[in-house]
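First comes the structure, then the notes that go with it.
All of the numbers you see were taken from the coordinates with simple rules; none came from a lab. This is a predicted model, so every value here is computed, not measured. So basically every Cβ, Gly included, is an ideal-geometry build from the backbone, and we count neighbours across all protein chains shown.
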Amino acid sequence: MTDALCYNQFDKSGFEQEKYMIQKVNLKENVNAIDGLFLYKRVGTLNNHMLNVLQAEHRTLDFHIHKNSDELFYCIEGEFDIEFEDGLTHLCEGDFIIIPKGTKHRPICNELVKCLLIEVEGTLNQENTGGTYTE
């Protein structure tokens, strides 16, 4: 058994277009390897979406909106809340939530939480994460 496979992609004429890897990723291993809080680590790309893991604790972000895309939060370990203008949703280990584009929200982490974020490429960057985003 292997954890990674290498494939070649060919165009209709039979010419090699690119090589790519199909690789298994363990979310818990990756999030546990992060050395510090609020550091985003990219673990994959799906079409034009970034898959990032992070650890957070004792932090409430400001309310914000993603105008151009939805956002997915998956709770790998711990618990946290997502607050909306009209209520609060609590997430536990194994839960995920999709925030539709244009929805005002903010994550609230009162205890250590480890999560996966799926967002359109470019949503997170060095400027809007206070320098904590790395590829």
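Amide H contacts of residue 39 (H built 1.01 Å from N, in plane; Pro and chain starts excluded): 55 sit under 5 Å, all sequence-distant by 5 or more or on other chains. When 28, 114, 67 are sorted by how many other C-beta atoms sit within 10 angstrom of their C-beta, beginning with the fewest, the order is 67, 28, 114. Magnitude of the charge dipole for region 26-134, about its Cα centre and with charges confined to Cβ atoms of Lys, Arg (+1) and Asp, Glu (-1), is about 340 debye. Only lysines eight or more places from residue 101 in sequence, or on another chain, were considered; those with a Cα closer than 24 Å are 41, 67, 114.
Hey, with R₀ at 25 Å, roughly what FRET efficiency would residue 93 and residue 24 work out to, going by the Cβ-Cβ distance, to 0.05? Result of the calculation: an efficiency of 0.75.
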